[in-house]
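J.: Let me begin by handing over the structure; questions about it come next.
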Amino acid sequence: NAGVTQTPKFRVLKTGQSMTLLCAQDMNHEYMYWYRQDPGMGLRLIHYSVGEGTTAKGEVPDGYNVSRLKKQNFLLGLESAAPSQTSVYFCASMLTGGTEAFFGQGTRLTVV
Amino acid sequence: QQQVKQSPQSLIVQKGGIPIINCAYENTAFDYFPWYQQFPGKGPALLIAIRPDVSEKKEGRFTISFNKSAKQFSLHIMDSQPGDSATYFCAAGHGYSGGGADGLTFGKGTHLIIQP
């Protein structure tokens, strides 16, 4: 099993450009999450989904949009990238009623 | 508002020593307290977790101590090894009550170095 796979692994964007980060999981998990990790800030929840077709805001949702059209995929979109969105983005998934979150390897995004 | 406070930010310990990382939480509704371990270039991975009705949990060389009245919990690594060098995150959530869907609240992390 691949677990949680994030695409791409690295990306450099210019301010104002848009992009989509893809997260795919093959564990049939209902819950999926997008976190961002910044130095000295830990991991902060951006958006999450409790099932196909549902999404909800986390702690730091501004400037991001998400979609969960298929159970196995959770997309994170940046419509107009800003330097403040330079970060490492992690996707995670969890089984319904479970406790352990499984993380992907991360996407390092730089906005110049 | 930081709901989970973690200290220290960084820690250097000699091989065989016992690093201790501390966390404090504010929300008494949390009922699940995991520790995640992250190596450079990798995603965090669950190391050990505890629920608030238990005061201590051991898994191998890793021990969580939990103080419900003080709203604090800590990670101890016995007989630490250079391979334990990583960033450690404490977290809190509602996992055991079935409300874990809304994710975990993480501390800011501790960069641990175990010197040979």
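The values are calculated or read from the model by the stated rules, or taken from the named source; none is laboratory data. Remember, it's a predicted structure, so these values are computed and weren't measured experimentally. Reconstructed Cβ throughout: ideal geometry from the backbone, glycine too, with neighbour counts over all protein chains shown. To get the accessible areas, we keep the full protein, side chains included, count just its heavy atoms, and leave off ligands, DNA and RNA. Shrake-Rupley method; radii C 1.70, N 1.55, O 1.52, S 1.80 Å.
J.: If you check B:Q37, B:Q14, B:Q72, B:Q3, which single one turns out to be modelled with pLDDT of 95 or more, out of contact with any Leu (no Cβ under 8 Å at 6 or more places or on another chain) and within 23 Å of A:A101 (Cα to Cα)?
T.: B:Q72
J.: A follow-up question, please. When only residues in region A:5-14 that are surrounded by 11 or more Cβ atoms within 10 Å (Cβ to Cβ) and in contact with a Ser or Thr (Cβ under 8 Å, 6 or more places away or on another chain) count, which is farthest from A:G106 (Cα to Cα)?
T.: Among those residues, the one meeting the criterion is A:L13.
J.: I'm trying to understand the selection: among the residues of region A:67-112, which are among the aliphatic types (A, V, I, L, M), crowded, with 16+ Cβ neighbours inside 10 Å and more than 10 Å from chain B (Cβ to nearest Cβ)?
T.: A:L75, A:L76, A:L78, A:A81, A:L109, A:V111
J.: Next up: Is region A:62-70 home to any residue that is in contact with a helix residue (DSSP H, G or I) (Cβ under 9 Å, 6 or more places away or on another chain), more than 17 Å from B:G93 (Cα to Cα), part of a loop (DSSP other than H, G, I, E, B) and in contact (Cβ under 8 Å) with a residue 40 or more places away in the chain?
T.: no
J.: Suppose the filter is among the basic types (K, R) and either touching a helix residue (DSSP H, G or I) at 6+ places or on another chain (Cβ under 7 Å) or within 22 Å of A:R36 (Cα to Cα) (or both); does B:K15 pass it?
T.: Taking the combined requirement at face value, the residue satisfies it.
J.: Considering (1) modelled with pLDDT under 95; (2) surrounded by 13 or more Cβ atoms within 10 Å (Cβ to Cβ); (3) among the polar types (S, T, N, Q), say which one A:N1 fails and leave the rest.
T.: With respect to (1) modelled with pLDDT under 95; (2) surrounded by 13 or more Cβ atoms within 10 Å (Cβ to Cβ); (3) among the polar types (S, T, N, Q), A:N1 is out only on (2).
J.: Still on this model: Taking region A:16-54 as the region of interest, how many residues are among the polar types (S, T, N, Q), closer than 19 Å to A:F103 by Cβ and in a loop (DSSP other than H, G, I, E, B)?
T.: Qualifying residue count, region A:16-54: 1.
J.: Looking only at residues in region B:1-49 that are open to solvent by less than 10 Å² (accessible area, probe 1.4 Å) and outside any strand (DSSP E or B), which one is farthest from A:T7 (Cα to Cα)?
T.: Top of the filtered list is B:P19.
J.: Follow-up. Yes or no: region B:60-75 includes at least one residue that is buried (at least 19 other Cβ atoms within 10 Å of the Cβ) and over 20 Å from B:P8 (Cα atoms).
T.: No, there is no match, as no residue in region B:60-75 is buried (at least 19 other Cβ atoms within 10 Å of the Cβ) and over 20 Å from B:P8 (Cα atoms).
J.: I need the full set of residues from region A:88-112 which are out of contact with any Phe, Trp or Tyr (no Cβ under 8 Å at 6 or more places or on another chain) and at positive phi, in order please.
T.: A:G97 - this is the single residue of region A:88-112 that is out of contact with any Phe, Trp or Tyr (no Cβ under 8 Å at 6 or more places or on another chain) and at positive phi.
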